[in-house]
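The values are calculated or read from the model by the stated rules, or taken from the named source; none is laboratory data. All of these numbers come straight from a predicted model, not from anything done at the bench. Cβ sites come from the backbone with ideal geometry, for glycine too, and all protein chains shown count toward neighbours. To get the accessible areas, we keep the full protein, side chains included, count just its heavy atoms, and leave off ligands, DNA and RNA. Shrake-Rupley method; radii C 1.70, N 1.55, O 1.52, S 1.80 Å.
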Amino acid sequence: MDVHHRTVPLPGTSLSYHVSRPAADGTPVVFLHPWFGCWQFWTSTMRHLTGRPCYAVDFYSPAAGEWSADPGPTTLADAVVAMMDAEGLDRVDVVGNSVGGIVAQVIASTTPERVRRLVLVGTGASTRGALPGFARAVDRWIEAGREGGAASRAAAEDTVGMLFTGRPDDATWDTYLQAVVRTDPAYLAAVLGAARELDLTPRLSRISAPTLVVRGSEDCARTAEHAAVLVAGIPAARSVELPGAGHSPMVDQPDRFADLVSAHLDEEAAEPVGGGR
């Protein structure tokens with residue numbers, strides 16, 4: 001699978017993203033990674049969705065510029081829409097994990113006409129009620145980030161490792177880890193802090209896209225209640241729990257996850273395709 005790197009300018013900085021099959025005829029799919037994950041989490045899913053243009057956003061890329069003094073899910077949602085505008089994507093399917101799922105909810109509730117179908121993975125309308133083990137690991141990473149060096153790397157290893165139930169091969173693990181370690185920790189902490197303050201529950205009713213909510217049974221951060229709130233609040237939503245998968249099931253169970261996403265995006269095949277370039 002060929003993947004092309006592109007950027008879109010933002011005020012004072014830019015957003016990077018990675019594109020596969022840009023000329024394909026199917027509805028474009030936008031992938032939004034979790035915090036402490038990276039865009040490469042989606043590689044297997046992108047490979048599986050043949051016939052569709054795929055756009056995997058790198059949420060860490062704005063940290064390389066003069067990032068906003070008020071970064072967070074809303075700012076990142078605006079950046080994704082700017083990418084869609086630059087690519088001429090009028091209507092897309094969106095798949096978001098954790099903080100990426102929060103950003104996906106912002107996009108789908110603010111510009112519902114631009115989201116055809118939605119997949120929310122290991123996320124919730126708010127972070128209230130998050131499982132304490134993961135929250136403590138994140139807090140340790142924030143503290144270690146102030147110290148830098150070996151302490152920061154060790155804390156990042158702990159946090160990244162909690163996203164899935166099994167460790168990938170060494171090369172893949174290093175790719176995942178380096179995406180976090182090389183990013184400005186102040187930026188990472190600022191976005192995470194803003195996400196913790198956000199409660200999208202009152203906005204869920206604005207989401208018109210048919211929505212699949214996916215949770216791994218071994219998710220260390222989000223509970224079944226988080227998934228239930230999404231299903232109750234989004235008018236056309238259903239949930240699936242993947243036994244044995246963690247917070248990022250596209251890494252733990254790539255084939256099963258890709259099949260679920262593909263089936264959801266392919267439903268109602270007679271519906272006119274509104275994406276494209």
Using Cα atoms only, what is the angle between the long axis of helix 149-161 and the major principal axis of the chain, expressed in degrees (0 to 90) to the nearest 10?
-> 40
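What size of dipole, in debye to the nearest 20, comes out for the chain about its Cα centre when the only charges are +1 on Lys and Arg C-beta atoms and -1 on Asp and Glu C-beta atoms?
Numbers: 23 positive and 33 negative charges, 56 e Å.
That gives a dipole near 260 debye.
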DSSP bridge pairs, the chain: antiparallel proportion in percent, nearest 5 = 35
Degrees separating the helix 170-181 axis from the principal Cα axis of the chain, which is the longest one = 80
May I ask for the distance between the Cα centers of the range 156-229 and the range 1-73, given as a whole number of Å?
-> 16
Grab the DSSP H runs of the chain that are 4 residues or longer, score each as -39,500 (n - 2.57), total them, divide by all residues and round the 222 nm result to the nearest 500 deg cm²/dmol.
-> -12500 deg cm²/dmol
Please work out how much accessible surface residue 5 shows to a 1.4 Å probe, ignoring ligands, DNA and RNA, in Å² rounded to 10.
-> 110
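Which value, in debye to the nearest 20, describes the size of the charge dipole of the range 203-269 about its Cα centre when Lys and Arg Cβ atoms bear +1, Asp and Glu Cβ atoms bear -1, and nothing else is charged? Before the final figure, lay out each step's value.
Details: 6 positive and 10 negative charges, 78 e Å.
The dipole of the range 203-269 has a size of about 380 debye.
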Once 20, 14, 205 are ranked on solvent-accessible area with the largest value leading and a 1.4 Å probe, the list reads 205, 14, 20
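Determine the relative contact order of the chain: mean sequence separation of Cα pairs under 8 Å and six or more apart, normalised by residue count, in whole percent. Each step should come with its number before you reach the end.
Values: 580 pairs, mean separation 63.7, N = 277.
Reported relative contact order: 23 percent.
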Helix axis angle, 185-197 relative to the chain longest principal axis, alpha carbon, degrees | 60
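Which of the trypsin sites (Lys or Arg not before Pro) found in the range 75-181 are in a DSSP loop and have at most 14 neighbouring Cβ atoms, other than their own, within 10 Å? Don't jump to the answer; show the numbers that get you there.
Working: sites: 91, 114, 116, 117, 128, 136, 140, 146, 153; in loops: 91, 128.
Here the sparse-neighbourhood loop sites are 128.
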